[in-house]
1. Just name the residue that is surrounded by the most Cβ atoms within 10 Å (Cβ to Cβ) out of those in region 40-58 that are outside any loop (DSSP other than H, G, I, E, B) and in contact with a strand residue (DSSP E or B) (Cβ under 8 Å, 6 or more places away or on another chain).
2. Which residues, counting only those in region 110-165, are β-branched (Val, Ile, Thr), under 25 Å from Arg283 (Cβ atoms) and in contact (Cβ under 8 Å) with a residue 60 or more places away in the chain?
3. Condition first: surrounded by 13 or more Cβ atoms within 10 Å (Cβ to Cβ), assigned to a loop (DSSP other than H, G, I, E, B), aliphatic (A, V, I, L, M) and under 29 Å from the mean Cα position of the chain (by Cα). Can you find one or more residues in region 175-185 that meet it?
4. For Glu263, only one of the following conditions fails: (1) among the acidic types (Asp, Glu); (2) in contact with a Leu (Cβ under 7 Å, 6 or more places away or on another chain); (3) open to solvent by 60 Å² or more (accessible area, probe 1.4 Å). What is its number?
5. Suppose we filter Leu138, Leu112, Leu121, Leu108 for residues that are over 22 Å from the mean Cα position of the chain (by Cα) and closer than 17 Å to Thr242 by Cα; which single one remains?
6. Only one of Leu61, Leu31 is within 19 Å of Cys85 (Cβ to Cβ) and open to solvent by less than 30 Å² (accessible area, probe 1.4 Å); which?
7. Restricting to region 72-87, give me the number of residues that are open to solvent by less than 50 Å² (accessible area, probe 1.4 Å) and of a type outside the set (A, V, I, L, M).
8. Can you tell which of Arg195, Arg181, Arg174 is touching a residue at least 60 places away in the same chain (Cβ under 8 Å) and of a type in the set (Lys, Arg)?
Amino acid sequence: MVRAEELVQKYSELLAQTASKNTAASYMADLKKFVAYKDLATVKEIAEITEKDIEDYIQLLTKEGKAYSSIARVTASLKKFFEYCVESGIMPKNPAGKVEAPQVKRKLPATLTTEQVVRLLEAPDDRTDKGIRDRAMLEIMYACGARVSEMTSLAVSDVSMKNETVSLFSSGKRRTVPLGRAAMDALTRYMKEARPRIANAEKTDVLFLNAHGEPLTRQGFWKIIKKYIGESGIRGDVTAQTLRHCFALHLLENGADAGSVSEMLGYSSIAPTRIYTDIIDSRIKKVYKEAHPRA
């Protein structure tokens, strides 16, 4: 009688050749837990596994509170293993073939209200060069939904004062996004007043510089945002990407179409913007439950 561990070992050797090291390790860990759960000792016992056996196991993991992403990976692991069993002639069909992984719940990003955004944008002290710079950075990030990496690499030559646009570059693609009046005013003041006074500013084309005339780093940018979040009294899970999220959400809330918002964010489809419509939907449901007398 061929033992189950022998089959699992052969499958492990195949995975090592066809999958990445991390994927192979994860799949094998999932498979060994399932084998132990069903107490499978022989290949014959493996061949007798049914679709219900796998569904019961998935339900058990759900009841135990396992993360949706982990359960989805377990489902994929078992599908792959039993596919191997079919190809090896051990069983006629894949019992995991029709088993669906639970839908992974996406964590909605933290966003701010328009009032909170205004407090954040107005937090820098524009009586100082640093404050003028910081105001311009925050205004631009909110005005065009720029990523932090795009902000730190933004060049003076990427800005068109005449057209009131900024050119952003990410993942090998460049896009041009319009800037609103508030962002243009803040940027104009920074470029005319504060930036020329920064040491060595004339030696680089990078737009936003630190006090030593060097390009701001991602860490430095986040420290600046974090500082003004605290000064604005804003609480919650706010990150360096929050203004980018607010840019997209507030546009959609005010009637912008998802295609245009996706294009300005630098996406090739509208799929990534669905997370913002999810936020809007959740807010509508909350209002309904709180306000409707028969909700």
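1. Val43
2. Listed by number, the residues that qualify are Thr111, Thr114, Val117.
3. Within region 175-185, one or more residues are surrounded by 13 or more Cβ atoms within 10 Å (Cβ to Cβ), assigned to a loop (DSSP other than H, G, I, E, B), aliphatic (A, V, I, L, M) and under 29 Å from the mean Cα position of the chain (by Cα).
4. Result: Glu263 fails condition (2) only.
5. Leu121
6. The unique qualifying residue is Leu31.
7. Qualifying residue count, region 72-87: 6.
8. Arg195
The values are calculated or read from the model by the stated rules, or taken from the named source; none is laboratory data. Everything numeric in this text was worked out from a predicted model, so none of it was measured. Every residue, glycine among them, receives a Cβ derived from its backbone with ideal geometry; neighbour counts consider all protein chains shown. Remember, those area values only see protein heavy atoms, side chains included, never the ligands or the DNA or RNA. Shrake-Rupley method; radii C 1.70, N 1.55, O 1.52, S 1.80 Å.
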